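A short worksheet on the structure shown next.
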Amino acid sequence: MLKFLGMKFNTKAIHGGQSLDPAYNAVMPPIYQTSTYAQTTPGGHKGYEYSRSKNPTRNALENAFASLENGKYGLAFGSGMAAIDAILKLLKPGDEVVSTADLYGGSYRLFTQIYQHFGIKFHFIDMANASNVAKYINTNTKLVWVETPTNPMLNIIDIKQIASITKKHKVLLVVDNTFATPYLQQPLQLGADIIMHSATKYLGGHSDVVMGALIVNDDTLAEQLYFIQKASGAICGPQDSFLVLRGIKTLHVRMQRHCENGKAVAEFLANHPKIEQVYWPGFSSHPNHQIAKSQMRDFGGMLSFSTKGNNYNESIKIVEKLKLFTLAESLGGVESLSGHPASMTHASIPKAEREKIGIVDSLIRLSVGIEDIDDLIEDLTQAIG
Ligand code: P1T
């Protein structure tokens with residue numbers, strides 16, 4: 001394995017955790033499309049017994065995940081939700097979780113409609129002021145769930161400050177790093193215990209795979225999660241592992257352009273007379289801009305906005321008229337996407353809860369891709385009118 005001290009991020013994206021394939025020195029890991037491995041005597045061959053437990057293509061990807069996040073262990077799952085599900089299986093009935101109120105609707109749905117039924121209690125709170133978290137921690141609290149930037153409001157949460165609270169109370173801190181990616185923010189370095197990704201998004205980068213990832217440093221925690229991965233079996237296949245590994249090799253180049261285009265689109269919308277508000281952490285007026293500046297390298301390619309007077313019909317007209325920004329679930333691919341969180345990604349959050357955190361019916365979310373910025377602005381101009 002290529003291991004030298006101080007490998008920079010851009011080099012890690014291409015080489016991190018990788019070694020030449022032992023069979024033919026293949027530069028890219030082959031797609032080991034096999035469920036099982038011949039054993040000369042019971043006990044497996046070079047540690048490989050059955051692909052639910054271990055697969056060489058998946059291992060290459062898991063090593064890349066660990067390397068990118070400066071972590072010791074990486075684990076790949078069949079979706080981001082499967083990765084979240086594996087974390088929640090560390091808990092038992094009676095345990096409590098403190099989570100940011102503003103988060104991906106699917107995470108909220110898994111927490112409230114599945115794990116709450118197994119006796120786990122969730123507190124959804126505003127973490128803009130990190131010290132708020134301490135008020136909700138008691139002897140049953142096992143986990144603090146942070147998404148930053150949040151989906152879809154682009155709120156920023158101070159990871160370092162929350163880590164100082166979770167460490168004091170011996171509670172695990174999980175950071176969903178999907179929006180930022182390790183290019184922009186590295187939560188283990190800021191004190192998180194577990195990093196979670198929907199690798200479907202920027203890590204894969206091409207809207208052709210659904211996948212999840214976890215990265216940890218602690219040996220015991222890694223052992224527990226590997227056990228859950230194997231025992232519950234929500235793994236990803238070798239073909240998808242290959243695709244995400246290939247996507248990761250251009251992560252740094254794509255992210256740089258996502259950030260440039262995201263900034264240009266945010267500024268265009270902020271100056272548009274038909275737009276009420278633009279949510280993007282790069283604005284100095286963003287409530288947690290200073291934290292974003294200190295914990296992120298740049299501000300990313302995700303943003304949300306509302307139309308003047310919070311006009312639902314106006315917003316729907318815009319997403320229907322957009323041509324380059326395809327109306328679709330998901331984000332983080334090379335192509336630009338638009339979404340209507342209230343009826344799409346966040347529909348499983350009750351309307352009253354949704355509106356409390358700012359997901360009004362006129363809110364539009366954009367995943368700004370890496371097309372030519374002039375074409376993206378032209379598309380927005382014709383759609384907004
Ligand atoms: O879709 P999946 O790979 O299972 O990942 C779930 C998930 C977890 N965390 C965050 C922050 C996410 O944004 C997602 C998935 N999000 C979308 C599909 C979306 O359009 O927002």
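The values are calculated or read from the model by the stated rules, or taken from the named source; none is laboratory data. Nothing here was measured: the structure is a model prediction, and the numbers come from that model. Neighbour counts run over all protein chains shown; Cβ positions are idealised from the backbone, glycine included. Only protein heavy atoms, including side chains, enter the accessible area calculation; ligands, DNA and RNA are left aside. Shrake-Rupley method; radii C 1.70, N 1.55, O 1.52, S 1.80 Å.
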Problem - Qualifying residue in segment 77-92 (condition: at negative phi, of a type in the set (A, V, I, L, M, F, W, C) and more than 21 Å from the chain's Cα centre (by Cα)) - result: yes
Exercise for the section: List every residue pair whose Cβ atoms sit under 8 Å apart, with the two residues 6 or more apart in sequence or on different chains, where the first one lies in segment 76-89 and is among the hydroxyl-bearing types (S, T, Y) and the second, anywhere, is open to solvent by 30 Å² or more (accessible area, probe 1.4 Å). Expected result: S79/V210; S79/A234
Fill in the blank from the handout: Going through segment 300-315 in order, the residues found to be surrounded by fewer than 19 Cβ atoms within 10 Å (Cβ to Cβ) and aromatic (F, W, Y) are Y312
Handout entry: Selected residue (criterion: farthest from G300 (Cα to Cα)) from residues of segment 241-251 that are in contact (Cβ under 8 Å) with a residue 40 or more places away in the chain and open to solvent by 20 Å² or more (accessible area, probe 1.4 Å)
Key = F242
Handout entry: Residues of segment 316-339 satisfying the condition of being on the phi > 0 side of the Ramachandran plot and open to solvent by 30 Å² or more (accessible area, probe 1.4 Å)
Key = S330
Exercise for the section: Working carefully through the options S315, S338, find the one that is under 23 Å from the mean Cα position of the chain (by Cα) and of a type in the set (G, A, S). Expected result: S338
Problem - Any pair with Cβ under 7 angstrom, 6 or more apart, that starts in segment 36-61 at a residue that is touching a residue at least 40 places away in the same chain (Cβ under 8 Å) and within 18 Å of P238 (Cα to Cα) and ends at one that is among the aliphatic types (A, V, I, L, M) and open to solvent by less than 40 Å² (accessible area, probe 1.4 Å) - result: R58/A76; A60/L245; L61/A76; L61/V244; L61/L245
Practice task
Determine, yes or no, whether G369 is open to solvent by less than 10 Å² (accessible area, probe 1.4 Å), within 13 Å of the ligand (Cβ to nearest atom), assigned to a loop (DSSP other than H, G, I, E, B) and more than 25 Å from I114 (Cα to Cα).
Solution key: no
Exercise for the section: Looking at (1) within 16 Å of the ligand (Cβ to nearest atom); (2) out of contact with any Cys (no Cβ under 9 Å at 6 or more places or on another chain); (3) more than 24 Å from G191 (Cα to Cα), find the lone condition where S79 falls short. Expected result: (2)
Completion exercise
Within segment 54-106, residues over 26 Å from A352 (Cα atoms) and assigned to a strand (DSSP E or B) come out as Y73, G74, L75, A76, F77
Practice task
Consider T40 carefully, then state whether it is away from the ligand (no atom under 16 Å from the Cβ) and surrounded by fewer than 18 Cβ atoms within 10 Å (Cβ to Cβ).
Solution key: yes
Exercise for the section: Could you name every one of the strands (runs of 3 or more DSSP E) located completely within segment 126-240 that has at least 2 residues being crowded, with 17+ Cβ neighbours inside 10 Å and in contact (Cβ under 8 Å) with a residue 60 or more places away in the chain? Expected result: 172-176, 194-198, 212-216
Problem - Count - residues of segment 43-53 that are part of a loop (DSSP other than H, G, I, E, B) and open to solvent by 70 Å² or more (accessible area, probe 1.4 Å) - result: 3
Practice task
Within segment 277-299, count every residue that is surrounded by fewer than 18 Cβ atoms within 10 Å (Cβ to Cβ) and not in a loop (DSSP other than H, G, I, E, B).
Solution key: 5
Exercise for the section: Filter segment 113-124 for residues that are part of a helix (DSSP H, G or I), surrounded by fewer than 17 Cβ atoms within 10 Å (Cβ to Cβ) and either within 16 Å of the ligand (Cβ to nearest atom) or not assigned by TED's automatic domain parsing to the domain that holds S79 (or both) and give the result. Expected result: Q113
Fill in the blank from the handout: In segment 321-363, anything within 13 Å of the ligand (Cβ to nearest atom) and under 20 Å from C259 (Cβ atoms) is listed as S330, L331, G332, G333, L337, S338, G339
